[in-house]
Structures are given as structure tokens and as C-alpha cells.
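The values are calculated or read from the model by the stated rules, or taken from the named source; none is laboratory data. Nothing here was measured: the structure is a model prediction, and the numbers come from that model. For neighbour counting, all protein chains shown are included, and Cβ atoms are generated from backbone atoms with ideal geometry for every residue, glycine included. These accessible areas exclude ligands, DNA and RNA; they are computed on the full protein's heavy atoms, side chains included. Shrake-Rupley method; radii C 1.70, N 1.55, O 1.52, S 1.80 Å.
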Amino acid sequence: MSLTNPVFGKRQSSSAPTGVMATSGAAAAPGLLQQVGMAGGAAVVTVTFIHPVDVVKTRIQISSEYGALGMVGSTKKIIGGEGVTALWKGVNAAWLREASYTSLRLGLYEPCKVAFGCTTPETTTFVKKFAAGSAAGALGS
């Protein structure tokens, strides 16, 4: 079989078959505990990166001094006065919240979808997915 290299335009010969390579078997779906754990881990990683923005935003909201400086000025003032680690003040509480609340909301969505009958594309409707999301959110609250 002859292929054209898209970068250099040269012809190359290849004995590799075209198409998608078949796998030996489908991976097993993760269990409930694994889904909740993965959701919690993802939420904790996310809040670790988002928390500094939240700290600056909160200070802008509660202080007219920071409000006058804006995001960049407030960030510089916080780092200059308290050090970089001040941007992560209170992150422990955020981690705890995400590890409990968000892990349940996200981790319970797939089991709720199955409970509402969303097992195939033909049986999955917007209303069923909305109900599953609402149930997962209510159970996680």
C-alpha cells in the first residue's frame, strides 16, 4: 500500500492495514466507588488550580481597596504583602467540599442514568438525562 506523507508530500509504502484497530475486548465499566473516586479526584485537582482566582475575587468583593485595584492589581498586592501561598488560603476547606459534595454529584450521574433507563442511544432522551442529573445533584447535596 502506498501512502502520501501530508507534511512532505512524499510517497511511502506501508504494510499496515487501514481503518480502526480492533481491541481484544471492551473495558469493564467502572464501579460506583471508582466513579465517585474519579469524580472527587478530578474535582480536587480542579479546585487546586481555580482557588487562587477565587481568593482574589473574594477579596475584591469584600474590600473597596482591592476592588479599586482590579484582578491584576489585587493579585500583585496579595503576593507582595502575604506571599504566593496566600492565594491558597482556605484551600483545605475547598478540597473537603469538592471531595465530598462534587464527587457524589458527578459520580452518581451514570448510575442515575441507568436507573432512569438511559442504556442505549435509542432509549436516552433529554428528559431522562435531565432527570438523572437532577437526581444525582439532589443525592449529592
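Looking only at segment 111-123, decide whether some residue is of a type in the set (A, V, I, L, M, F, W, C), open to solvent by less than 50 Å² (accessible area, probe 1.4 Å) and in a loop (DSSP other than H, G, I, E, B). Quick ask: steps written out before the conclusion?
Just the residues of segment 111-123 that are of a type in the set (A, V, I, L, M, F, W, C), to begin with: 112, 114-116, 118.
Subsequent filtering for residues that are open to solvent by less than 50 Å² (accessible area, probe 1.4 Å) retains 112, 118.
Next cut, in a loop (DSSP other than H, G, I, E, B) only: 118.
Yes, segment 111-123 contains at least one residue that is of a type in the set (A, V, I, L, M, F, W, C), open to solvent by less than 50 Å² (accessible area, probe 1.4 Å) and in a loop (DSSP other than H, G, I, E, B).
Within segment 110-120, being of a type in the set (Ser, Thr, Tyr) and in contact with a Lys or Arg (Cβ under 9 Å, 6 or more places away or on another chain) holds for one residue alone: Thr119. Are any of the residues in segment 128-140 open to solvent by 30 Å² or more (accessible area, probe 1.4 Å), free of Cβ contacts under 8 Å to residues at least 12 places away in the same chain and not in a helix (DSSP H, G or I)? No, segment 128-140 has no match at all.
Kindly provide the set of residues from segment 64-89 that are hydrophobic (A, V, I, L, M, F, W, C) and within 13 Å of His51 (Cβ to Cβ), ordered by number.
Initial filter on segment 64-89 (hydrophobic (A, V, I, L, M, F, W, C)): 68-69, 71-72, 78-79, 84, 86-88.
Ile78, Val84, Ala86, Leu87, Trp88, listed by residue number.
Scanning segment 33-61 for residues that are modelled with pLDDT under 95, open to solvent by 70 Å² or more (accessible area, probe 1.4 Å) and either in contact with a helix residue (DSSP H, G or I) (Cβ under 6 Å, 6 or more places away or on another chain) or more than 21 Å from Thr102 (Cβ to Cβ) (or both) yields a total of 0. Here is the figure for segment 41-61: residues that are touching a Ser or Thr at 6+ places or on another chain (Cβ under 6 Å) and of a type in the set (Gly, Ala, Ser) total 1.
Scanning segment 90-110 for residues that are within 13 Å of Thr48 (Cβ to Cβ), of a type in the set (D, E, K, R) and open to solvent by 70 Å² or more (accessible area, probe 1.4 Å) returns a single hit, Arg97.
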